[in-house]
Amino acid sequence: MLRSMTGYARVEKALRGVNAFVELKTVNSKYLNVDINIGDAFSELEMRASRFIKENLKRGTVRAKIDISLADSDDLLQPDYGIASSIFNSLKTIKDRFELAGEVSVDSMARFKEIFRSRPSEDLADKIWSVIEELLIEALDQLNADREREGQNLALAMSEYLNRLEAIANELLTSSEDMVLYYRDFLKKRIETIFEGQFDENRLEQEVALLAERADISEEIVRLHSHLKSFRGVMRTDKESGVQMDFIC
């Protein structure tokens with residue numbers, strides 16, 4: 001069964017406190033290329049999604065859009081203790097250096113947005129991934145179904161082309177045989193006209209035989225029929241067939 005490399009799928013669900021949608025678009029490409037668009041807060045999940053898609057697709061350019069929102073977004077806000085420590089020490093150094101009044105407080109620290117980063121904890125990331133993985137499975141099923149539908153249409157069109165090629169090949173073979181006979185009669189009449197019937201019949205037959213050998217395309221036609229048969233066989237296989245089709249063509 002042929003499967004087109006062009007397809008589309010979109011799945012949207014709310015599961016386990018995670019609202020998410022996955023959109024997949026694929027176009028033709030000799031190799032597999034995966035491009036994922038996911039929010040910065042969830043960039044750590046990009047590699048998992050890319051690896052999962054590559055395990056399930058073989059060829060084509062895949063553009064995946066993954067959108068995630070949480071029922072409780074507070075779970076995303078995580079302090080960066082390294083940056084917080086650096087800012088705290090810097091503020092304390094400035095205070096001591098210039099003998100400023102007051103202490104370094106939470107209020108003064110909170111003004112630095114760099115201290116907080118929107119990223120999930122390891123446990124939360126695993127929970128989000130379990131939802132994304134479920135959506136990816138469903139989206140890939142949709143995508144493959146869409147590609148199979150288009151593949152069936154392509155198979156019908158290609159079958160018509162193959163039948164036309166086969167008919168043309170047979171016509172060419174018949175025409176080449178008739179052409180030798182036509183050329184023999186034409187050549188004989190011309191020679192008879194020019195030499196008034198005085199010519200070597202054996203020499204004429206030799207020339208006609210040489211022409212027939214040069215005009216013989218039966219081997220090429222047999223090879224073409226073999227290619228057409230192989231192409232039809234590849235179209236019926238359940239395996240990835242694009243590379244084989246390229247080779248036959």
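The values are calculated or read from the model by the stated rules, or taken from the named source; none is laboratory data. These figures come from a predicted structure and were not determined experimentally. Every residue, glycine as well, gets a Cβ built from its backbone with ideal geometry; the counts of neighbours run over all protein chains shown.
Things to note:
- Checked against the criterion of being surrounded by fewer than 17 Cβ atoms within 10 Å (Cβ to Cβ), among the hydrophobic types (A, V, I, L, M, F, W, C) and either out of contact with any Lys or Arg (no Cβ under 6 Å at 6 or more places or on another chain) or closer than 30 Å to G7 by Cα (or both), the candidates I94, I68 yield just one match: I94.
- Evaluation of I87 against (1) at pLDDT 85 or above; (2) assigned by TED's automatic domain parsing to the domain that holds H227 (one fails), failing number: (2)
- Pairs, first assigned by TED's automatic domain parsing to the domain that holds T26 in the stretch 47-58, second assigned to a helix (DSSP H, G or I) and of a type in the set (V, I, T), C-beta under 9 Å, six or more apart: R48/I132; A49/I132; F52/I132; F52/I137; N56/I137
- Restricting the stretch 16-27 to residues that are surrounded by fewer than 19 Cβ atoms within 10 Å (Cβ to Cβ) and modelled with pLDDT of 90 or more, the residue that is farthest from Q244 (Cα to Cα): N19
- Top-ranked residue in the stretch 97-124 [being surrounded by 15 or more Cβ atoms within 10 Å (Cβ to Cβ) and in contact with a helix residue (DSSP H, G or I) (Cβ under 8 Å, 6 or more places away or on another chain); ranked as farthest from I53 (Cα to Cα)]: V104
- Summed over the stretch 34-47, the residues that are at pLDDT 95 or above and either aliphatic (A, V, I, L, M) or surrounded by 14 or more Cβ atoms within 10 Å (Cβ to Cβ) (or both) give a count of 2.
- Filter pass, A139 being surrounded by 12 or more Cβ atoms within 10 Å (Cβ to Cβ), at pLDDT below 90, part of a helix (DSSP H, G or I) and touching a Leu at 6+ places or on another chain (Cβ under 9 Å): no
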